[in-house]
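Working notes for the structure below.
Read-outs: derived from the displayed coordinates by stated rules, not from any lab. Here the structure is a predicted model, which is why all the values come from computation and not from measurement. Cβ atoms come from the backbone with ideal geometry, glycine included; neighbour counts cover every protein chain shown.
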Amino acid sequence: MIRVFLRSMLKPLSFVPALCMMVMIYSFSAEDGKTSAAFTYKVSVKVVETVDQVANLDLSQTEIENYANHFHHLIRKCGHVTEYFLLAVSLALPLYVYGLRGIWLTLVAGAICVGFAALDEYHQLFVSGRGASKRDVAIDSIGIFAGIIVTRIIGWMGRKTIFRPLCTKKKRRRRTV
């Protein structure tokens, strides 16, 4: 009885990570163009410095800055893909738990996430130094559908391996009743 009550109370909370991702994405989009570009540039410098240390390249500070400028756009777009990948996973997992599977999971989670990406781009029209781009929505969609596919694969593997014993116990109980 308590387990059923806790599940019914906690299950809706499984959408909280998706809401947190939406707030995070929206807050990144609310930054003006200069602030956003400066943040991405700092990330680009950190990426180049990390590669420099791992690969033992001994790059000078000027070379690091040149590489950071060169890869700035790519890193920015990878950030888009990563944000929306995480959004898709954090939204598709609770939908999967609620029983939405197969093509319907892809369609519902995809529509919600792509719709959010489009609204996010629309929101950027009102932010100084930013603008809307259909290409950004397409790039975001790559992360979205990758996240949904990963969720479907993990869910399928879980049903076939980890949760299979639970499924067979339920079937046995139904047969004996």
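See the values below:
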read-out	value
Net dipole in debye of the stretch 41-160 [+1 Lys, Arg Cβ; -1 Asp, Glu Cβ; about Cα centre; nearest 20]	700 debye
All-pairs Cα distance distribution in the stretch 71-134, expressed in whole percent, bin size 10 Å	20, 42, 27, 11, 1
Compactness index (Cα Rg / 2.2 N^0.38 Å), the chain	1.35
Cross-link reach list, aspartates and glutamates versus Lys46, counting only Cα pairs under 20 Å and skipping chain neighbours closer than eight places	Asp58, Glu63, Glu65, Glu83
Highest average packing first - 47-56, 29-38, 109-118, Cβ atoms within 10 Å	109-118, 29-38, 47-56
The stretch 82-87 - phi-based ³J(HN,Hα) in whole Hz, Karplus 6.51/-1.76/1.60, Gly and Pro as x	5, 4, 6, 4, 5, 4
Karplus-derived 3J(HN,Hα), 6.51/-1.76/1.60, for each residue of the stretch 122-136, Hz, glycine and proline x	4, 4, 5, 4, 9, 9, 4, x, 10, x, 8, 8, 5, 4, 5
Karplus-derived 3J(HN,Hα), 6.51/-1.76/1.60, for each residue of the stretch 39-48, Hz, glycine and proline x	5, 5, 5, 4, 5, 4, 4, 4, 5, 5
Cα long-axis angle, helix 16-30 against the chain (0 to 90 degrees, to the nearest 10)	20 degrees
